[in-house]
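Comments concern the structure below.
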2 protein chains.
Amino acid sequence: MTPRPPLRCLRCTRPAEGFDGCRACAAEGIGVNTMPPLADLAGVDLAAYPGGPWGLPTALPVSGPPVTLGEGNTPCIRLRMDPDPAQDGHPVGELWLKYEGGNPTGSHKDRAMAVGVAAAVAAGADTVVAASSGNAGAAAAAYAARAGLRCVVFTNEAVPAGLRAQIDALGAERRVHPGTTGERNSAMARAVEEHHWYPLTSYSSPSPGGNPYANEGYKSVAYELARDFSGRRLDAVVVPTSRADLLAGIGRGFRELAAAGLMAQEPRLVAAEPSASAPFTAALRRPDRAEQERTRVTHGPTVAFSLGEERPCWQGLDALWRSAGSAVAADDDAIMAEHRRLAAEGLILEPSSAVGSAVARDLARTPGALVVAIGTATGLKGLAG
Amino acid sequence: MTPRPPLRCLRCTRPAEGFDGCRACAAEGIGVNTMPPLADLAGVDLAAYPGGPWGLPTALPVSGPPVTLGEGNTPCIRLRMDPDPAQDGHPVGELWLKYEGGNPTGSHKDRAMAVGVAAAVAAGADTVVAASSGNAGAAAAAYAARAGLRCVVFTNEAVPAGLRAQIDALGAERRVHPGTTGERNSAMARAVEEHHWYPLTSYSSPSPGGNPYANEGYKSVAYELARDFSGRRLDAVVVPTSRADLLAGIGRGFRELAAAGLMAQEPRLVAAEPSASAPFTAALRRPDRAEQERTRVTHGPTVAFSLGEERPCWQGLDALWRSAGSAVAADDDAIMAEHRRLAAEGLILEPSSAVGSAVARDLARTPGALVVAIGTATGLKGLAG
């Protein structure tokens, strides 16, 4: 399947042949996504932007009709900041949580899958396929159902019960693949090749990240933040990061806004990772980019079950480099402490989401700082599991 | 606790002495809520209304600071309408679902509890209390946590596992009361009297409906619909109904909009009920209002577990009378068929919410009709239970 509109490697600019990232860079051991050009936002009136990926359809690489369940336009909630015991009486900055759990299937993935399924429809696909042990599978199932496409989700046995039930209720075919994530992805790769199913998630190794068209749906997070914090300088946006689809999408959105004069200064992006699996944190400790992009870490179990990669997807490094950003890891104790702190303020998120606000909370201690953490997914799915 | 600002009985206009509805009307066997005056929306620019109860704070009876978790401003999603087999080839109307499951705790109750908890703070309360076997308890717990108040939730043993876990995670004290709903409510009534806890839900018999200030949060559903369907005539808004807090709140919102010239014609309101427990449907079959307000039905078990009353709360009758509305019951088979139809379109709602779109789907068969069903709560909580 040749991608339309054309995609180019973010790193070496070669044109893409399929949806499995840049093969030339993969041969160097580096997983790099291929993307369409940035959109031109000149003339856009942000104050009138209604939010969500389809609120600015011209910024998307899809020409067909929208596929939507009302995703996006999620609220920003100001979190309480405890005074810093080490700096008694000192003022602290502002910490906000953008609550993506309010999306129709309960996570940020809806922004991507809305666009990815619309791209699949435009490509004439009758079946979409995702490899996911979590929220991406549920979102793929929902939007495929919405568009009337068949959906196959490759999972492994670690899928939490609530998510499994959600995928099933949405009518997707769930194929449980025993063995490693690599083996699961290989099964998906064979299905894409043999049946010409339309791939909505990453399936090659090293992973380049998810479907490029789908990922453009994440730019809407940046547009919404720019609209909602209009006139204020956002210091940092902290993103729970695994393959960096969301991080890279937000970064692209900010770059488009800045290029069109709609944002004076792009915020610093911060990748928040669980310590048990923190390739970006490890990469950015290395002295030069050639070493950073070839980083490999061991991946251990973590309460943040939605996150975990061995290598930093290049699209994420690119986003961090361009925004003078950073990567910070939090251990499971810190993640669960933040999870409880959010619940004590009325918000139940996935532990994977609490990684973001755990990291952001530290950054927001600086007086005058304005920091936003992306709260990627609701914790409701796991409650009775 | 004397309510501030003052409340008056909707039916006999006597002033309220507490939060247990109108005692004079209760002596007649009729549960009637006491409410503040309608708000004056003159001069409001609906196009600039950001949604949610706090988007128009002057329309609320609370003077203190907002308590918010980003509730409201939920999306409207156009549903597919199957052609009517009985009317082959005929055009059909439009059916939309307002998806309240996107609220922070997953249901419309957040709109009320945000305002109710702010009213509790303004009243100087340190503890709020709710009697609920479902979403109201979770919402009360979340907003109490947000405001730093203690929250006690009286439940019975029928609470689904997901909801129970949600209430616990949010730090509320859950008191499981064996026995009937009436006995549970009596326990809450004693607590309100003895400890001066601030009541967020109904607890007297016959039930007048929930806390009047909290209920004013539901007006925001009407404001959002008027904004989002600006310039079009909404024929009917269909509301899953038990004690009619949501129904009455939406009706009040539309009346305010019409009085201020912000809406040419108020939509017809339709109470959607499970057949196993359908007091409004039974009431409206009776010839005169004196009989309607004294209707009593038997209440059987239903898949729509969030719904079920023996009597029509007077606030709901009032809303239906004023809007020339109606009440329609759907049986469990129809509810579950609609539940599956929504899932086949990508949406997982509580069965109690599917009552609304099941009833609305029939109304939308009329060519040219524009019908909105309120999808009150996400189905994610029940999935793994």
Pairs returned, first residue in the range B:56-67 that is outside the structural domain of B:Gly148 (by TED's automatic domain parsing), second residue that is part of a loop (DSSP other than H, G, I, E, B) and among the aliphatic types (A, V, I, L, M), beta-carbon separation under 6 angstrom, 6 or more apart or interchain, are B:Ala59/B:Ala39
Counting only residues that are buried (at least 17 other Cβ atoms within 10 Å of the Cβ), outside any helix (DSSP H, G or I) and either facing chain A (nearest Cβ under 9 Å) or small (Gly, Ala, Ser) (or both), the range B:137-154 contains a total of 0
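With the requirement that a residue be without any contact (Cβ under 8 Å) to a residue 60 or more places away in the chain and under 25 Å from B:Ala118 (Cα atoms), what does the range B:210-245 give you?
To start, the set of residues in the range B:210-245 that are without any contact (Cβ under 8 Å) to a residue 60 or more places away in the chain comprises B:222, B:231.
Listed by number, the list holds a single entry, B:Ala222.
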Output for Cβ contacts, cut-off 9 Å, separation at least six or different chains, first residue without any contact (Cβ under 8 Å) to a residue 24 or more places away in the chain in the range B:323-342, second among the acidic types (Asp, Glu), reads B:Arg341/B:Asp82
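Conditions (1) of a type in the set (Asp, Glu); (2) open to solvent by less than 10 Å² (accessible area, probe 1.4 Å); (3) under 30 Å from B:Ala24 (Cβ atoms), marked per residue:
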site	(1), (2), (3)
B:Cys313	no, yes, yes
B:Asp333	yes, no, no
B:Glu338	yes, yes, no
B:Gly346	no, yes, no
B:Glu350	yes, no, no
B:Ala364	no, yes, no
B:Thr378	no, yes, no
B:Gly382	no, no, no
Taking the range A:217-241 and keeping residues open to solvent by 10 Å² or more (accessible area, probe 1.4 Å) and among the hydroxyl-bearing types (Ser, Thr, Tyr) leaves A:Ser230
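Please return the ranges of helices (runs of 4 or more DSSP H) entirely within the range A:155-251 where 2 or more residues are within 14 Å of the chain's Cα centre (by Cα).
Numbers: elements: A:161-169, A:181-195, A:212-215, A:219-228.
Per the criteria, A:212-215, A:219-228.
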Of A:Ala364, A:Ala373, A:Ala327, A:Ala334, the only residue that is among the small types (Gly, Ala, Ser), more than 14 Å from chain B (Cβ to nearest Cβ) and under 17 Å from the mean Cα position of the chain (by Cα) is A:Ala327
- Scan the range B:284-296 and give yes if some residue there is in the same structural domain as B:Pro240 (by TED's automatic domain parsing), surrounded by 14 or more Cβ atoms within 10 Å (Cβ to Cβ) and in contact with a strand residue (DSSP E or B) (Cβ under 7 Å, 6 or more places away or on another chain), otherwise no. yes
* To do: Kindly indicate whether any position in the range B:61-78 is in contact with an Asp or Glu (Cβ under 6 Å, 6 or more places away or on another chain) and open to solvent by less than 20 Å² (accessible area, probe 1.4 Å).
  => yes
Restricting attention to the range A:242-269, the residues that are surrounded by fewer than 22 Cβ atoms within 10 Å (Cβ to Cβ) and among the basic types (Lys, Arg) number exactly 2
Does the range A:106-123 contain any residue that is within 9 Å of another protein chain (Cβ to nearest Cβ), crowded, with 21+ Cβ neighbours inside 10 Å, in contact with a Ser or Thr (Cβ under 7 Å, 6 or more places away or on another chain) and not in a helix (DSSP H, G or I)? yes
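Take the residues in the range A:80-104 that are among the hydrophobic types (A, V, I, L, M, F, W, C) and open to solvent by 10 Å² or more (accessible area, probe 1.4 Å), then tell me which one is modelled with the lowest pLDDT.
Step one: of the range A:80-104, the residues among the hydrophobic types (A, V, I, L, M, F, W, C) are A:81, A:86, A:92, A:95-97.
Filter again for open to solvent by 10 Å² or more (accessible area, probe 1.4 Å), leaving A:81, A:86, A:92, A:96.
Values: A:Met81: 91, A:Ala86: 65, A:Val92: 91, A:Trp96: 98.
Filtering the range A:80-104 for residues that are among the hydrophobic types (A, V, I, L, M, F, W, C) and open to solvent by 10 Å² or more (accessible area, probe 1.4 Å), the one modelled with the lowest pLDDT comes out as A:Ala86.
May I ask you to list the residues in the range A:155-172 that are more than 14 Å from chain B (Cβ to nearest Cβ) and free of Cβ contacts under 8 Å to residues at least 40 places away in the same chain?
Restricting attention to the range A:155-172, the residues satisfying the condition of being more than 14 Å from chain B (Cβ to nearest Cβ) are A:155-158.
Matches in the range A:155-172: A:Thr155, A:Asn156, A:Glu157.
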Residues of the range A:2-28 being outside any loop (DSSP other than H, G, I, E, B) and either surrounded by 13 or more Cβ atoms within 10 Å (Cβ to Cβ) or in the same structural domain as A:Ala248 (by TED's automatic domain parsing) (or both), in sequence order, are A:Arg8, A:Cys9, A:Arg23, A:Ala24, A:Cys25, A:Ala26
Condition set of a type in the set (Phe, Trp, Tyr) and under 25 Å from B:Gly375 (Cβ atoms), scope the range B:264-315, selection modelled with the lowest pLDDT: answer is B:Phe305
Of B:Asp40, B:Asp82, the only residue that is charged (D, E, K, R) and away from chain A (no Cβ under 14 Å) is B:Asp40
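Given the criteria buried (at least 21 other Cβ atoms within 10 Å of the Cβ), among the aliphatic types (A, V, I, L, M) and within 30 Å of A:Arg365 (Cβ to Cβ), does A:Ala214 qualify? Even if it seems obvious, please write down each step before you answer.
Details: buried (at least 21 other Cβ atoms within 10 Å of the Cβ): yes; among the aliphatic types (A, V, I, L, M): yes; within 30 Å of A:Arg365 (Cβ to Cβ): no.
So A:Ala214 does not fit the description; no.
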Of the residues in the range B:105-134, those that are modelled with pLDDT of 95 or more and within 18 Å of B:Arg174 (Cβ to Cβ) number 10
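The values are calculated or read from the model by the stated rules, or taken from the named source; none is laboratory data. If you're wondering where the values come from, they're calculated on a predicted model, not measured in any experiment. So basically every Cβ, Gly included, is an ideal-geometry build from the backbone, and we count neighbours across all protein chains shown. All accessible areas refer to the heavy atoms of the entire protein, side chains included, with ligands and DNA or RNA removed. Shrake-Rupley method; radii C 1.70, N 1.55, O 1.52, S 1.80 Å.
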